[in-house]
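The values are calculated or read from the model by the stated rules, or taken from the named source; none is laboratory data. Given the structure is predicted, the values throughout are model-derived calculations rather than measurements. With ideal geometry, Cβ positions are generated from the backbone for all residues, glycine too; neighbour counts draw on all protein chains shown. The area values use the complete protein model at the heavy-atom level, side chains included, leaving out ligands, DNA and RNA. Shrake-Rupley method; radii C 1.70, N 1.55, O 1.52, S 1.80 Å.
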Amino acid sequence: MALVSEFLGQLTLNLGACEPTFPTVVDVADFDPEKDAARIETAIKTKGVDEQTIIDILTKRTYGQRREIAFAYERRAKKDMISALKGALSGSLESVILGLMKSTAQYDASEIKASIKGLGTDEETLIEIVCSRSNAELLEIKKVYKELFKKDLAKDVAGDTSGDFAKLLLALVETKRADPSNVVDYEKIDEDARALYDAGVKISGTDVKTWISIMSERSVPHLQKVFERYKSYSPYDMQESIRKEVKGDLEKSFLTLAQCFENKQLYFANRLNDAMKSKGAKEKVVTRIMVSRCEVDLMKIRKEFKAQFGKSLHQTIAEHTKGDYQRALLSLCGGDD
């Protein structure tokens, strides 16, 4: 029971409060957790494991429904479903299925924890999650991180990063971003655009502190207008300016922020394309995006992917992955565009 409560906890999905969702995985009508639990029990007990049944059920149920299946499984099998799945599956498929047994916030929190655990930091994962999540998502991640690991997310991030990179991530984790407003403050837009220019391209060196405060505290709609206005001051757009002014993890972080402010779903579409194009497909990145966004905005990511690359996400996954892992991803993808 400990594992179920650790990973499934309470249903804390606080998304949608601020941003509309475009999921590919939605509640199944005529949902019967007892029937699903019985089918999964049989699939696990089958000689050689019936992976297809496990995929068919768990990739087509929402987190709330998967959670009910886990409790039904425990009642009938007298054992923990997550442990049983862990014992039955392996490799990339195991990563997808166990990822789905967590809420979106729990999954993000676990990925962050894994990225800063042990020797060396997986900066790529840290940047992707912290810089692409909304305020509401980050608030939920912080709460869940504390529940799961009994540690403070900000302290863990601070202990594992340094310099301006650490300052930027901590500013984002503090979730001080303003909520979108119905009132467009043109004076403030102009002021911020000018401040970004004065702190970067205009001077020798970069006043990173100013960039951090503007990009971590202003609302996304405000920043979209700021970046537009910025072009009237700078010979470069914001992304070009970032590339010229800063390097390394700080550059990657600012670029992720800028890309997400302008079009978050296009950012994820590009990440998926790059990950699958690379030799031996960066499965970790593909898994993380497909699992973490399937109940958030994967439908919109799919549309951006097709528009950007002229090929559907479904088709690209089919070309670059194989076996049960491929079947699980295609099921989460939810269709061909």
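Defining a contact as two alpha carbons under 8 Å apart and six or more residues distant in sequence, what relative contact order in percent does segment 104-174 show?
34
When the Kirkwood radius is taken over all Cα pairs of segment 100-156, what Stokes-Einstein diffusion coefficient follows at 4 °C and 1.567 mPa s, in µm²/s?
D = 114 µm²/s.
So what are segment 148-291's ellipsoid semi-axes, whole angstrom, largest first, if each one is the square root of 5 times an eigenvalue of the alpha-carbon gyration tensor?
Taking √(5λ) for each Cα gyration eigenvalue gives 26, 19, 17 Å.
Could you please state how large a percent of the accessible area of segment 186-262 is carbon and sulfur, counting protein chains only and using a 1.4 Å probe?
In segment 186-262, the share of accessible area belonging to carbon and sulfur is 46 percent.
Mean 1/r over all different Cα pairs, inverted: what Kirkwood radius does segment 264-333 give, in Å?
11.7
List the lysines whose Cα sits under 23 Å from the Cα of K209, skipping any in the same chain fewer than 8 residues away.
Filter leaves K155, K167, K176, K188, K225, K231, K244, K247, K252.
Report, in debye and to the nearest 20, how large the dipole of the chain comes out about its Cα centre when Lys and Arg carry +1 and Asp and Glu carry -1 on their Cβ.
680
Which of these, L93, L153, L119, has the largest mean-square fluctuation under a Gaussian network model of the chain (Cα springs below 10 Å)?
Fluctuation is largest for L119.
What's the carbon and sulfur percent of segment 25-89's accessible surface, probe 1.4 angstrom, rounded to a whole number?
Values: 1520 of 3110 Å².
Here it works out to 49 percent.
Kirkwood Rh and Cα-based Rg: tell me the resulting Rg over Rh for the chain, rounded to two decimals.
1.00
Using a 1.4 angstrom probe on the protein heavy atoms only, could you order R243, R61, R66, R75 from most to least accessible area?
From most exposed to least exposed: R75, R243, R61, R66.
Considering all alpha-carbon pairs of segment 97-214, what whole percent are spaced by more than 21 angstrom? Kindly include the intermediate steps, with their values, before the conclusion.
Working: 3233 of 6903 pairs.
The share of Cα pairs beyond 21 Å in segment 97-214 comes to 47 percent.
Can you give me the P(r) profile for segment 186-262? Cα pairs, bins 5 angstrom wide beginning at 0, each as a whole percent.
The percentages, shortest bin first, are 3, 18, 32, 30, 14, 3, 0.
Report S232's accessible area, 1.4 Å probe, all protein chains in place, as a number in Å² to the nearest 10.
70
Could you provide, to the nearest whole Å², the per residue accessible area of the chain with probe 1.4 Å?
Numbers: 15280 Å² over 337 residues.
Accessible area per residue: 45 Å².
Choose one answer from T104, T24, T121: the residue with the largest mean-square fluctuation in a GNM of the chain with alpha-carbon springs under 10 Å.
In the Gaussian network model the winner is T121.
How much of Y145 can a 1.4 Å solvent probe reach, expressed as accessible area in Å² and rounded to 10?
Here the residue's solvent-accessible area equals roughly 0 Å².
What residue among A199, A29, A105 has the largest mean-square fluctuation in a Gaussian network model of the chain, using Cα springs under 10 Å?
Maximum among the listed residues: A29.
Quick one: what Rg and Dmax do you get for segment 25-89 from the alpha carbons, in Å?
Computed over the Cα atoms of segment 25-89, radius of gyration and Dmax are 10.9, 31 Å.
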